[in-house]
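Notes to accompany the following structure.
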Amino acid sequence: MFRPCLWPASALVLAVGLTGFPGAPLQAQTAVSDSAEFAAWRQVQKEDIEGLRKKFMALATAVPADKRTWRPMAGTRTFREVFAHIAAEGNTETAMFGRPLPAGSLADFDAEEARLKQLPDDQLIAVMDQAMQRLSTTLGGLSRATINTPIRYYGQSTLPRVAATYTLNDLHEHLGQVVAYARMNSIVPPWSRKG
């Protein structure tokens, strides 16, 4: 049975695919190149952080003081420890994005989290609020030049637009964690109350 050799046609398709069609101009591709697109991206990041901040603050004030040391099981964080973790992220990640480290904060995440765990409840909650506000301002203040300039994010080289995604994903995870903690303690998140 006769089998035609398709290799030459395959090679032609591969060559055209790799080099482009003859006469087609090469264009630089960047994820955030249009100023309107970038402004919209930056605004979404800022609004997301601000929405998270409001929900964290609403939960922090809804949790009674005697419940803030509650944890669902051994080896997990308490409400307070989650709040300290969030505040430490806001403080240290703001610096990773190129802004000054807040006064009194430590650049090392673990050391900053340990420092924050020692604060009284009211101070810890205030620092969490300030850290989230700074993070919102930082992401909202990124420029088109800095968004494509590599930074060190937890010891890894990455772009700020990638680090922003990691930051937001992690903060949303912690919001879910605190909501679950609240519901296990019959605390209804303020924004979901009916009536």
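The values are calculated or read from the model by the stated rules, or taken from the named source; none is laboratory data. Note that the structure is predicted; figures quoted are calculated from it, not measured. Because the Cβ atoms are built from the backbone with ideal geometry, glycine has one as well, and the counts that use them run over all protein chains shown. Side chains included, ligands, DNA and RNA excluded: accessible areas come from the protein's heavy atoms. Shrake-Rupley method; radii C 1.70, N 1.55, O 1.52, S 1.80 Å.
What is the number of the single condition among (1) of a type in the set (A, V, I, L, M, F, W, C); (2) open to solvent by 40 Å² or more (accessible area, probe 1.4 Å); (3) more than 30 Å from VAL188 (Cα to Cα) that TRP70 does not meet?
With (1) of a type in the set (A, V, I, L, M, F, W, C); (2) open to solvent by 40 Å² or more (accessible area, probe 1.4 Å); (3) more than 30 Å from VAL188 (Cα to Cα) applied to TRP70, the lone miss is (3).
Filter the stretch 89-98 for residues that are over 16 Å from LEU168 (Cβ atoms) and in contact (Cβ under 8 Å) with a residue 40 or more places away in the chain; which is most open to solvent (accessible area, probe 1.4 Å)?
GLY98
Quick check: is even one residue across the stretch 170-180 modelled with pLDDT of 95 or more, part of a loop (DSSP other than H, G, I, E, B) and surrounded by fewer than 17 Cβ atoms within 10 Å (Cβ to Cβ)?
Taking every residue of the stretch 170-180 in turn, none turns out to be modelled with pLDDT of 95 or more, part of a loop (DSSP other than H, G, I, E, B) and surrounded by fewer than 17 Cβ atoms within 10 Å (Cβ to Cβ).
I'd like the full set of residues that are under 18 Å from PRO150 (Cα atoms) and part of a helix (DSSP H, G or I), limited to the stretch 92-134.
Within the stretch 92-134, THR92, GLU93, THR94, ALA95, MET96 qualify.
Does the stretch 150-169 hold any residues that are touching a residue at least 40 places away in the same chain (Cβ under 8 Å) and under 14 Å from TRP41 (Cα atoms), and which are they?
Hits for the stretch 150-169 are PRO160, ARG161, ALA163, ALA164, LEU168.
Report whether or not ARG80 is assigned to a helix (DSSP H, G or I), open to solvent by 40 Å² or more (accessible area, probe 1.4 Å) and modelled with pLDDT of 95 or more.
When the stated conditions are applied, ARG80 does not pass them.
Quick check: is even one residue across the stretch 137-148 open to solvent by 40 Å² or more (accessible area, probe 1.4 Å), touching a Phe, Trp or Tyr at 6+ places or on another chain (Cβ under 7 Å) and in a helix (DSSP H, G or I)?
Yes - at least one qualifying residue is present in the stretch 137-148.
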